[in-house]
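Bear in mind that the values in this text are calculations on the coordinates, not laboratory data. Computed from a predicted model, the values in this text were never measured in an experiment. All Cβ positions, even for glycine, are placed from backbone atoms using ideal geometry, and neighbour counts span all protein chains on display.
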Amino acid sequence: MAIYKPKGPTSNDIVQDVKRITGGEKVGHAGTLDPLAEGVLVIGIGREGTKNLGIEVKKEKEYLAKIKLGETSTTDDEEGEKEKTEINREPSRIEIDNAVKKFIGKIKQVPPIYSAIKVGGKEAYKFARQGEKPVLLERDAEIKEIEILDYKWPYLELRVVTGPGVYIRALARDIGKELKAGGYLAGLKRTRVGDFTADKALSLEEFKKEYSKK
């Protein structure tokens with residue numbers, strides 16, 4: 001099943017809410033959404049449901065991403081400390097098109113330092129919060145489609161379809177770097193995970209009502 005995660009709570013907060021609603025059932029999720037992101041969070045309930053999450057997490061995902069150009073962020077999103085990038089001029093639409101095309105297909109991607117990737121057995125974000133800069137190695141990633149929905153400086157809006165393990169924050173950062181303008185993820189909505197779509201995902205309140213009927 002899929003819950004529509006609003007902006008604000010963590011993915012684990014949603015898992016704990018579902019666990020309370022189901023009376024302590026085993027609950028897990030397939031693919032974390034950052035607190036500032038919203039959209040489809042696939043939830044597994046019970047032993048069978050959670051066992052299948054490993055399959056779901058590998059499925060294709062679709063996002064609507066809003067990138068702010070002209071600045072960088074320590075977290076690669078809205079939460080971090082920002083720094084303006086000195087640029088001579090705003091990138092043209094053709095330059096945006098050419099930059100975006102370079103990220104379609106099988107690429108290498110360095111995860112954000114504020115991520116749950118483990119470095120020496122400890123999550124990278126824990127090092128980052130202590131003022132350290134963990135060294136993260138680039139990983140294979142696949143971006144199947146990128147469609148430019150809108151570009152009006154400093155905002156670039158994209159529809160992105162990915163394989164598993166892609167960080168949209170890292171994509172925003174890298175597109176900004178490619179344009180020599182800097183960039184970070186200003187907004188993110190996950191609209192699909194495999195066959196689970198946003199229009200069919202339940203809010204927690206809707207799920208609570210549905211579950212109480214059982």
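Pull up all non-local amide H partners of Ser115: gap of 5 or more, or a different chain, and H-to-H distance under 5 Å with H placed in the peptide plane.
Those lying under 5 Å, H to H, from Ser115 are Ala124, Tyr125.
Quick one: work out Rg over Rh on the C-alpha atoms of region 59-106, Rh as Kirkwood radius.
Here the Rg-to-Rh quotient is 1.02.
Sequence gap of 8 or more, or different chains, plus Cα separation below 21 Å: how many lysine pairs satisfy both in region 73-141?
Eligible lysine pairs with Cα atoms under 21 Å apart amount to 8.
Please sort by residue number the GluC sites (Glu not before Pro) in region 63-145 whose DSSP state is loop and whose Cβ has at most 12 other Cβ atoms within 10 Å.
Of the GluC sites (Glu not before Pro), the ones in loops of region 63-145 whose Cβ has at most 12 other Cβ atoms within 10 Å are Glu81, Glu86, Glu132, Glu138.
Choose one answer from Val119, Val40, Val110: the residue with the largest mean-square fluctuation in a GNM of the chain with alpha-carbon springs under 10 Å.
Maximum among the listed residues: Val119.
Please say if region 162-214 is rounded, prolate or oblate, where rounded means a/c under 1.5 for a ≥ b ≥ c the square roots of the C-alpha gyration tensor eigenvalues, and otherwise the choice is prolate for a/b larger than b/c and oblate otherwise?
Judged from the Cα gyration tensor, region 162-214 comes out prolate (a/c at least 1.5, a/b above b/c).
How high is the relative contact order of region 61-192, in percent, counting Cα pairs under 8 Å that sit 6 or more residues apart?
The value is 43 percent.
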